[in-house]
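Everything on this sheet refers to the single structure shown next.
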Amino acid sequence: MKIITKEIRHDTPRESGLFRRIPGPKPIFIDIETTGLSPERARVYLVGCLHPLDDSRFQFLQWLSESPLEERKLLTEVSAYIQDFSPLVHFNGDRFDLPFLQQRADELGIPAAFTGRDSFDIYLRAKKCRTLCALPNCKQKTIEAFLGIHREDQYDGGRLIPVYHEYVKTGDARLEHLLLLHNEEDVTGMLQLLPILSYAGLADGDEMSIQITEEAPSVIAGNDASELLLSFRLKEFYPSRVQFQTAEGWYGILQDHALRMRIPLMRGELRYYLPDPANYYYLPEEDTAIHKSVGEFVDKAYRRQATEKTCYIKKMGCFLPLPENVERKSSGRSRKNLGNENFGKEIFYPDEKKTPYCEYQPELLADADFWNWYLRGVFRRIR
């Protein structure tokens, strides 16, 4: 069995927050190469691991079986090496790598714990932003292409199986290089994949750090609709350009630290639902609700008891669609929490509470908590 160790430098922009989204004190990246997909019939012949030494230096190790008979030794040494690290970071390893390693260790009688421990699967996180990033699939090479990552290796694991069998027979150094290169680029490539976690965080609705840029916002007005154009600066770094549009009409372009948004506005008359319908009458001719203290003077033929669906008044104005439903407390204002503050805005509807709106006022642009919540809600819808 061969053990290859080397130190790798990986300079990453500090603002990308390389490990910020990976929980755990001592992460270690891991990837395996096998002679097939079934652990009952196939063996592990190569394992690569990578862990940080400091901000830009990483220790890289590979264990390569020169014979199928060395699998027991390989698994024993890998298990011993990784036991003090947490979590295990991998790409689709929850479904393949870790169960495969565990089953092979169990069959060989090796006391190892590859499963049942802290694990971080980049693949599962990346799936969350597949729609946002317009990815045809979430294969590692697809994500690498999205992030502009170039690979020297052109093989996949399946094509390398006969290469390994030939290597066992001949010990050819050229074949060994192909095997090691593929595994190394899979492992070190995971470092380069980490920016995809920032996009996944958007789709997950993670907390954002934003500010509206000095570029003045603008409203493009039509007869009964308008658009609000806004530019935001984000603390997080997004290396690849993303362009998105939702069915509701939100449109945005995201790249580097910049987010430009086009948000639909509605001009017209919307409903404001009042609390406590028992205290109101509904006037069908006026299509509005009125408090009983006043409504008692209206002819009974022109009033009826208000219900939850008819207990509303109407207001003309310019309204901003809200990306999420918000609950109303007794005052009729929402109680959606934004940090430590209440949402504190009256909620309007164009119909029976299907799409919530709040009134758009220019002062709203200074409310950072509101826009943090708002953008998170928009991105959560792009799943």
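Since every read-out is calculated from the coordinates, none of them should be taken as a lab result. No experiment lies behind these values; they were computed from the predicted model shown. We place every Cβ from the backbone using ideal geometry, glycine too, and count neighbours over all the protein chains shown.
Values for this structure:
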| item | result |
| --- | --- |
| Where labels lie 7 Å past Cα in the beta-carbon direction, separation of residue 240 and residue 76 in nm | 4.3 |
| Helix 368-380 vs. the chain, principal-axis angle (Cα, 0 to 90°, nearest 10) | 60 |
| Lysines with Cα under 17 Å of residue 2, excluding same-chain neighbours fewer than 8 positions away | 73, 169 |
| Debye intensity ratio in log₁₀ form over the Cα atoms of the stretch 2-203, taken at each q of 0.08, 0.10 Å⁻¹ | -0.26, -0.41 |
| Per-pair calculated FRET efficiency, R0 = 51 Å: residue 361 and residue 7 via Cβ, rounded to 0.05 | 0.35 |
| Relative compactness, the stretch 66-126, computed as alpha-carbon Rg over 2.2 N^0.38 Å | 1.14 |
| The chain: calculated mean residue ellipticity at 222 nm from DSSP helix runs of at least 4, using -39500 (n - 2.57) | -7000 deg cm²/dmol |
| Degrees, to the nearest 10: 161-170 long Cα axis against longest axis of the chain | 20 |
| Vicinal HN-Hα couplings computed from phi for the stretch 76-90 (Karplus, 6.51 cos²θ - 1.76 cosθ + 1.60; Hz; Gly/Pro x) | 5, 6, 5, 4, 5, 5, 8, 4, 8, 9, 6, x, 7, 9, 7 |
| Whether the stretch 1-117 is rounded, prolate or oblate, judged on the alpha carbon gyration tensor where a/c under 1.5 counts as rounded | prolate |
| Residue of 45, 349, 155 that the Gaussian network model of the chain assigns the largest fluctuation, springs spanning Cα pairs under 10 Å | 155 |
| Phi to ³J(HN,Hα) by Karplus 6.51 cos²θ - 1.76 cosθ + 1.60 over the stretch 98-114, Hz, x for Gly, Pro | 5, x, 5, 4, 5, 5, 5, 5, 4, 5, 8, x, 9, x, 10, 10, 8 |
| Dipole of the chain [Lys/Arg +1, Asp/Glu -1 at C-beta], most positive-end residue of 199, 75, 313 | 313 |
| Near-label residues of the stretch 51-77 by backbone N, under 12 Å of a point 7 Å along Cα→Cβ of residue 168 | 65-72 |
| All Cα pairs of the chain, percent lying beyond 37 Å | 42 |
| Degrees, to the nearest 10: 173-193 long Cα axis against longest axis of the chain | 20 |
